[in-house]
Amino acid sequence: MSDRNSISIIIVRKTLMVTVPSDPDDATVSALQDEVLAAMQRVDAKGVVLDIGSVETLDSFFARTVAETASMVALMGGRTVVVGMRPSVAVTATQIGITLGGIETALSVERALDLLDRPVTGRSRR
Amino acid sequence: MGTQFEPRSGGLPGAAASQTSPETQELVRLLIENIKDYAIITLDPRGHVLSWNAAAERLKGWKADEIVGQHFSRFYPPEDLQNGKTEMELKVASQEGRFEDEGWRVRKDGSRFWANVIITALRDSEGRLRGFGKVTRDLTARRESEEKIRRQAQEILEMAAVPVVQVWSGILLVPLIGTLNSQRTQQLMDVLLNKVMETASPVALLDITGVPAIDTQTAQHLIETIAAVRLLGSEVVLTGVRPSIAQTLVHLGIDLSNVSTRSSLSAGLRTAFELLELCVAPRATAGG
């Protein structure tokens with residue numbers, strides 16, 4: 001699909017910077033997972049920063065896939081931080097009961113990178 | 001004993017013996033008499049031997065005059081007789097036209113051989129059951145070579161099953177290759193635990209790069225192994241978690257959240273160094 005091309009993964013300081021396209025369909029979301037995991041393996045990254053700043057609607061498939069991807073990244077030895085969720089999206093998400101599991105979140109990419117530089121608190125890598 | 005074949009209508013189904021000339025019938029008889037690898041015998045409807053060819057004598061040891069008239073259960077080991085196997089075979093053959101089996105059979109001297117047996121019901125043109133044709137082949141050699149290959153494969157697998165290598169003082173590496181079954185993971189646990197004790201290694205790297213796929217059971221075995229190693233006071237890092245394996249584990253809902261996992265062995269080694277508070281750095285005096 002053409003949307004697949006809009007997935008952008010940039011590698012900065014052994015971290016994958018992933019930008020999610022504005023209105024991702026299910027195929028794009030699945031492709032995103034595959035590409036993130038492939039990149040994890042390729043660059044042996046320490047973490048993933050998932051920028052969802054341009055996402056306007058968060059459906060349950062997207063939320064589940066993101067949560068799953070974070071678990072998979074954890075299995076491959078990385079941490080996932082979700083960045084830039086819009087307030088409106090957060091409101092809708094909580095209203096319809098969507099959660100992102102135990103994923104770490106940050107307000108900005110800058111803070112997300114700081115978060116990844118800090119050692120994991122305790123041993124809970126959920 | 002060829003005369004026992006009663007070459008009348010339908011005596012040999014499919015062979016059309018009745019329509020053929022006496023010379024042809026003679027040739028068929030000679031074929032049965034001379035054929036080397038197939039013991040071809042006929043039985044009456046109740047299973048008593050009617051005819052016996054030379055190959056049967058060579059294979060089973062009895063001469064024709066010793067065995068003709070005897071029940072064919074003589075060829076079966078006692079355990080089959082207790083199960084009523086011979087009656088079952090004749091029943092199936094008469095109901096379905098044929099019965100095929102592979103199994104142990106007994107020679108005159110009591111030794112066993114692995115046989116392929118085909119029993120064919122012989123019916124005349126009115127459909128009356130006249131008896132049975134029984135063709136037996138000795139597959140002992142084939143079975144033995146199969147057994148040997150299987151045993152060798154097993155040995156190779158066992159040898160390759162759980163190599164435990166000390167890669168650093170205090171760091172063990174277990175590179176797992178191939179499918180993990182219960183038996184192998186059991187072995188893995190034994191070997192790994194002993195080696196951890198023996199070398200007093202605080203860290204063990206369990207590398208699954210060479211494991212093609214993981215299912216719930218395999219994952220469970222790995223989790224148990226990891227838990228057991230932890231009980232000894234060592235830490236385990238699971239390395240070589242490929243994207244496909246990570247996806248499978250999450251989709252299966254397998255919780256490895258309290259196990260250290262890394263995508264590559266090198267990342268795992270780095271983790272091991274961190275756990276041991278070791279530091280790998282370029283030599284400071286390199287420039288001299």
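No value in this document is a laboratory result; all are computed from the given coordinates. Quick caveat: nothing in here was measured; it's all calculated off a predicted structure. When we count neighbours, we look across all protein chains shown, and the Cβ atoms used for this are built from the backbone with ideal geometry, even at glycine.
Before rounding to the nearest 500, sum -39500 (n - 2.57) across all DSSP H runs of length at least 4 in chain B and divide by the residue total; then give [θ] at 222 nm in deg cm²/dmol. Display every interim value, and only then the final one.
Working: 10 runs with 117 residues, N = 288.
Roughly -12500 deg cm²/dmol at 222 nm, from the helical runs in chain B.
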Exercise for the section: Quick one: compute the contact order of chain A, relative version, from alpha carbon pairs under 8 angstrom and 6+ residues apart, as a percent. Expected result: 23 percent
Handout entry: Cα-Cα P(r), segment B:79-128, percent of pairs per 5 Å interval
Key = 5, 18, 22, 23, 15, 8, 5, 2, 0
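Hey, got the average number of other protein chain Cβ atoms within 10 angstrom for residues in B:257-264? Walk me through the numbers before you get to the answer.
Values: counts 8, 4, 2, 3, 7, 5, 13, 6.
Average per residue, whole number: 6.
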Practice task
State the volume of the convex hull built on the alpha-carbon positions of chain B, expressed per residue in Å³ and rounded to an integer.
Solution key: 248 Å³
Handout entry: Where labels lie 7 Å past Cα in the beta-carbon direction, separation of B:S266 and B:T179 in nm
Key = 3.3 nm
Practice task
State the extension gain, in nm to one decimal, for the chain segment bounded by B:E96 and B:I118, taking 0.36 nm per residue of separation less the distance between their alpha-carbons.
Solution key: 6.7 nm
Fill in the blank from the handout: Across all Cα atoms of chain A, Rg and the largest Cα-Cα distance (Dmax), in Å, are 13.5, 42
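Past 29 Å, Cα to Cα, is the threshold; run A:K14/B:K195; B:K148/B:K195; B:K85/B:K108 against it and keep the listed order. Please list the in-between numbers first.
On the way: A:K14/B:K195 34 Å; B:K148/B:K195 31 Å; B:K85/B:K108 19 Å.
With Cα atoms farther than 29 Å apart: A:K14/B:K195; B:K148/B:K195.
With both bridge residues required to lie in segment B:139-288, what share of the DSSP beta bridges run antiparallel, to the nearest 5%?
Working: 3 of 16 bridges.
If I count the DSSP bridges inside segment B:139-288, around 20 percent turn out antiparallel.
Loop only by DSSP, 11 or fewer other Cβ within 10 Å of the Cβ. Give me the GluC sites (Glu not before Pro) in segment B:44-132 that pass, ordered by residue number. Mind showing how you got there, number by number?
Values: sites: B:E57, B:E66, B:E79, B:E87, B:E89, B:E96, B:E100, B:E102, B:E126; in loops: B:E126.
Loop-located and lightly packed - B:E126.
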Handout entry: MRE, 222 nm, helices only [DSSP H, n ≥ 4, -39500 (n - 2.57), over chain A, to nearest 500]
Key = -13000 deg cm²/dmol
Fill in the blank from the handout: Dividing the mean separation of Cα pairs under 8 Å (6+ apart) by the residue count of chain B yields a relative contact order in percent of 11 percent
Problem - Rounded to 10°, Cα long-axis angle of helix B:22-34 versus longest principal axis of chain B - result: 40 degrees
